[in-house]
Amino acid sequence: QVQLVESGGGLVQAGGSLRLSCAASGSIFSIAVMDWYRQAPGKQRELVASISSGGSTNYADSVKGRFTISRDNAKNTVYLQMNSLKPEDTAVYYCNLKLPALDAWGQGTLVTVSS
């Protein structure tokens, strides 16, 4: 069973930066697709960024040019560097690990961006 633990959330002013981390247990991290999702109050969970096992990345249009997803397979960790934060980025951010037979979620970390 895989466990994911997010960290790095907090309160930041608009225009600021945060880096989220998600540490995974187990030995399958390096072959998994890793995603960051977010869920704002009253809204559906949305995909923010994705990184394949080979390092290919994809981003939601709303964060392109501001957020960067990366991974360190030696540390079983995926990161989300968030720059130029906006109040509309306020949400609980979740990491997700995907394999054909596995779909694991972390507990989430709250990011609050004040105007």
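The values are calculated or read from the model by the stated rules, or taken from the named source; none is laboratory data. Just so it is clear, the structure is predicted and the values come from calculations on it, not from any experiment. As a convention, Cβ positions derive from the backbone with ideal geometry for all residues, glycine included, and neighbour counts pool all protein chains shown. Areas reflect the complete protein model, heavy atoms only, side chains present, ligands, DNA and RNA absent. Shrake-Rupley method; radii C 1.70, N 1.55, O 1.52, S 1.80 Å.
Numbers for the structure displayed
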{"item": "Selection from GLN44, GLY26, THR112, by position along the positive dipole direction of the chain (Cβ)", "result": "THR112"}
{"item": "Tensor-based shape of the range 47-110 (alpha-carbon gyration tensor, a/c under 1.5 rounded, otherwise prolate or oblate)", "result": "prolate"}
{"item": "Listed peptides 17-23, 34-40 by packing density, highest first (mean Cβ within 10 Å)", "result": "34-40, 17-23"}
{"item": "Counting DSSP beta bridges with both ends in the chain, the antiparallel % (nearest 5)", "result": "90 percent"}
{"item": "Förster-model FRET efficiency, 30 Å R0, SER30 and GLN107, C-beta, rounded to 0.05", "result": "0.85"}
{"item": "HN-Hα J in Hz across the range 25-37 - Karplus 6.51, -1.76, 1.60, θ = phi - 60°, x for Gly and Pro", "result": "8, x, 10, 9, 3, 5, 9, 9, 7, 10, 10, 10, 10"}
{"item": "Rounded accessible area of GLU88 (nearest 10 Å², 1.4 Å probe)", "result": "120 Å²"}
{"item": "Apportionment of accessible area to carbon and sulfur, the chain, percent (1.4 Å)", "result": "49 percent"}
{"item": "Local electrostatic count, SER21, Cβ distance below 14 Å [Lys/Arg +1, Asp/Glu -1]", "result": "+1"}
{"item": "Ordering of 76-83, 99-106 by packing [mean C-beta count within 10 Å, highest first]", "result": "76-83, 99-106"}
{"item": "Per residue accessible area in Å² of the chain, where ligands, DNA and RNA are left out and the probe is 1.4 Å", "result": "52 Å²"}
{"item": "Contour minus Cα-Cα distance for SER7 and ASP61 (0.36 nm per residue)", "result": "17.0 nm"}
